[in-house]
Amino acid sequence: MLVKCSLLGRDPYWGRILSEAGASGASFNPDDSAVSYGDHIVAAGGIARDHDVNAVAAHMQQDHIQIGVTLGDGAGAAHAYMTDLGYAYLDENKGTS
């Protein structure tokens, strides 16, 4: 849900992405990881990278947002699809987070 909140808020919060990758049970070293939004790498090696903030913001305004996560642990690949959060959900739950 935190990833969905960052998407709704148009905030490329890459730490949430890596946190969810870790929570998934995937074994990886953050030092070998990278996170990108569209073609723009926003973090690598577990730290933020300089990137074109305006280009990332423009990407996040689209209906379909592509997030790339490289775990650096082999050649496997996967795709995941999800729906976004609505404001009604946020209003219902804003007092409990």
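Name the residue, out of Ala21, Ala26, Ala58, that is touching a strand residue (DSSP E or B) at 6+ places or on another chain (Cβ under 8 Å), surrounded by 10 or more Cβ atoms within 10 Å (Cβ to Cβ) and either at positive phi or at pLDDT 85 or above (or both). Write out each step before concluding.
Values: Ala26 fails: touching a strand residue (DSSP E or B) at 6+ places or on another chain (Cβ under 8 Å); Ala58 fails: touching a strand residue (DSSP E or B) at 6+ places or on another chain (Cβ under 8 Å).
Answer to the selection: Ala21.
Restricting the first member to the stretch 71-84 and to residues that are in contact (Cβ under 8 Å) with a residue 12 or more places away in the chain and at positive phi, and the second to residues that are small (Gly, Ala, Ser) and assigned to a loop (DSSP other than H, G, I, E, B), the beta-carbon pairs closer than 9 Å and six or more apart or on different chains are Gly72/Ser33. How about the stretch 61-85: which of its residues are in a loop (DSSP other than H, G, I, E, B), surrounded by 10 or more Cβ atoms within 10 Å (Cβ to Cβ) and under 18 Å from the mean Cα position of the chain (by Cα)? Listed by number, the residues that qualify are Ile65, Gln66, Leu71, Gly72, Asp84, Leu85. Among the residues of the stretch 43-52, are any surrounded by 17 or more Cβ atoms within 10 Å (Cβ to Cβ), in contact with a helix residue (DSSP H, G or I) (Cβ under 6 Å, 6 or more places away or on another chain) and more than 22 Å from Tyr89 (Cα to Cα)? Yes, the conditions are met somewhere in the stretch 43-52. With respect to (1) in a helix (DSSP H, G or I); (2) surrounded by 13 or more Cβ atoms within 10 Å (Cβ to Cβ), the lone exception for Asp31 is condition (2).
Out of the residues in the stretch 86-96 meeting the condition of being assigned to a loop (DSSP other than H, G, I, E, B) and small (Gly, Ala, Ser), tell me which one is nearest to Asp39 (Cα to Cα). Please lay out each step first, then the result.
Of the residues in the stretch 86-96, the ones assigned to a loop (DSSP other than H, G, I, E, B) are 86, 94-96.
Imposing the further condition that a residue be small (Gly, Ala, Ser) reduces the set to 86, 95.
Values: Gly86: 26, Gly95: 35 Å.
Taking the candidates together, the pick is Gly86.
Within the stretch 87-97, the residues that satisfy the criterion of being more than 19 Å from Ile17 (Cα to Cα) and either without any contact (Cβ under 8 Å) to a residue 12 or more places away in the chain or surrounded by fewer than 10 Cβ atoms within 10 Å (Cβ to Cβ) (or both) are Tyr87, Ala88, Tyr89, Asp91, Glu92, Asn93, Lys94, Gly95, Thr96.
The values are calculated or read from the model by the stated rules, or taken from the named source; none is laboratory data. Just so it is clear, the model here is predicted, and its values are computed rather than measured. Don't worry about glycine lacking a Cβ; one is built from the backbone with ideal geometry, like all the others, and counts go over all protein chains shown.
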